[in-house]
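This report concerns only the one structure given below.
Computed from the coordinates by the stated procedures, all read-outs in this text should not be read as laboratory data. Computed from a predicted structure; not experimentally measured. Glycine also receives a Cβ, built like all others from the backbone with ideal geometry; neighbour counts cover every protein chain displayed.
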Amino acid sequence: MKNHAIIPIFIPHRGCPNDCVFCNQRKITARTDDVTPQDARRIIDTWLTTLRPVHYQESSGKTDCKTVEVAFYGGSFTGLSIVEQSSFLAVADEYKQKGLVDKIHLSTRPDYIDEYILDNLSSYHVDTIELGVQSFDDDVLKLSNRGHTSNDVYEAVRLIKRYGFELGIQLMIGLPGDSLESCVMSARKTAELQPSLARLYPTIVLDETELYEMYMRNEYVPLSREEAVLRTKEMYKILDEAGITIMRVGLKSTDIIGEGGAINGGTYHPAFRQLVEGEIAKERIEPLLREFILCNDVNSESPRQKVTVYSAGRWFSNMIGHHACNRRYYTDNYPSLDITYSVDNSLPDGVFRISSPDS
């Protein structure tokens with residue numbers, strides 16, 4: 001059974017008159033046409049025939065999904081007029097009241113939250129509000145033309161929590177004026193606010209954006225992939241240790257129209273999350289190997305010692321690394337060890353242990 005599925009409804013650049021330097025929502029969402037409430041209904045129906053076929057009297061043999069969530073992505077949902085917000089939410093809430101959908105989820109800007117808006121969202125039984133915070137550094141926000149300040153974030157979070165919505169926070173890495181220190185600060189500020197979920201997006205230079213023009217004028221230098229992974233890794237660890245669910249790390253390939261030069265610079269990678277989690281795995285496994293060598297007096301004169309590294313099943317590929325890069329690293333740097341890899345599902349995600357036949 002699939003435990004949790006999201007039905008995405010993209011509303012490209014709707015409800016947001018602001019032009020952030022990095023933003024080209026039509027490329028980011030891979031959509032070009034406006035979406036209507038009728039379109040939303042068709043999208044939900046299409047997904048539900050697969051996710052919950054029993055309700056549609058289909059004999060597909062598939063099991064109903066445990067939790068189904070309708071999510072409005074793409075623009076700043078609460079920047080739409082209340083009438084238009086309500087027309088979309090009424091469709092989603094109709095399915096929720098029938099038990100076909102379990103949750104309603106939307107994303108918006110911190111400065112598009114007030115009591116009037118939240119009263120309306122409550123009336124349509126919205127569950128989750130994600131805020132596109134991007135950074136808690138006011139200089140970075142200004143250089144990125146975000147149009148809001150960190151104080152707007154704190155006020156939006158205060159109201160969202162007061163109303164009892166589930167909170168999500170989105171952060172970006174490598175914006176103009178950004179640094180490792182400001183990224184880490186943003187992650188720590190996020191952890192202090194205790195959202196239920198977070199997303200981490202390295203900045204990507206897209207065509208037809210002000211950031212692209214800055215890039216072409218050499219006024220903005222994208223992060224190298226290595227630096228983007230480093231910064232994201234440090235932020236990930238802070239959020240994970242705070243118990244925050246990290247729903248996304250980097251954009252998926254299906255999120256972007258990759259037509260010709262739509263993506264510029266080397267920051268984008270289709271498996272960016274695995275790059276980050278693989279680095280975290282290496283960072284945590286290497287001390288275990290060093291300790292094993294020290295405690296067992298292993299040296300270059302000793303026969304190769306057999307050792308097995310264990311992880312939970314969901315982190316096995318991270319333990320090995322993208323394209324087996326971690327495995328090659330251990331082989332090259334620990335020639336005195338004969339390392340194999342296995343699954344121990346009693347381990348939490350991101351936790352590792354090692355053992356040997358003699359231990």
For 125, 105, 322, order by how many other beta-carbon atoms lie within 10 Å, fewest first: 125, 322, 105
Percentage relative contact order, the stretch 278-355, counting C-alpha pairs under 8 Å, at least six apart: 46
Unit charges at the beta carbon, dipole of the stretch 278-355: most positive-side option, 330, 315, 293: 315
Exposed GluC sites (Glu not before Pro) absent: longest stretch of the chain, with sites in DSSP loops and at most 14 other Cβ within 10 Å deemed exposed: 59-207
Cα Rg over Rh - the chain, Kirkwood: 1.02
Relative intensity, log₁₀ I(q)/I(0), of the stretch 278-355 from a Debye sum that treats every alpha carbon as a point, q = 0.11, 0.14, 0.22 Å⁻¹: -0.25, -0.41, -0.97
Sum of -39500 (n - 2.57) over DSSP H runs of 4+, divided by residues of the chain (222 nm, nearest 500): -12000 deg cm²/dmol
Exposure proxy order (Cβ contacts within 10 Å, fewest to most) of 263, 169: 263, 169
Cβ-Cβ FRET estimate between residue 36 and residue 246, R0 fixed at 30 Å, reported to 0.05: 0.35
Given charges at Cβ of Lys, Arg, Asp, Glu: the stretch 56-153 dipole, positive-most of 153, 67, 141: 67
Cα centroid of the stretch 278-334 to Cα centroid of the stretch 221-238, whole Å: 23
Length released on extending from residue 216 to residue 162, taking residue separation times 0.36 nm less the Cα-Cα span: 15.0 nm
For the stretch 66-141: rounded, prolate or oblate by the Cα gyration tensor [a/c cutoff 1.5]: prolate
Contour minus Cα-Cα distance for residue 194 and residue 314 (0.36 nm per residue): 40.7 nm
Extension gain (nm, one decimal) between residue 90 and residue 295, 0.36 nm per residue minus Cα-Cα: 67.4 nm
Efficiency of FRET from Cβ geometry, residue 102 and residue 46, R₀ 22 Å, rounded to 0.05: 0.80
Most mobile of 11, 204, 320 in a GNM of the chain (Cα contacts under 10 Å): 320
Length-normalised contact order for the chain - Cα pairs under 8 Å, 6+ apart - percent: 13
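Using the Cα centre as the reference, give the magnitude of the dipole from point charges on the C-beta atoms of the chain (Lys, Arg: +1; Asp, Glu: -1; all else neutral), rounded to the nearest 20 debye.
Around 900 debye, computed over the chain.
Just add up the charged neighbours of residue 86: K/R +1, D/E -1, any other residue whose Cβ is under 13 Å from the Cβ of residue 86.
Result for the local shell: -4.
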Burial ordering of 269, 148, fewest other beta-carbon atoms within 10 Å first: 269, 148
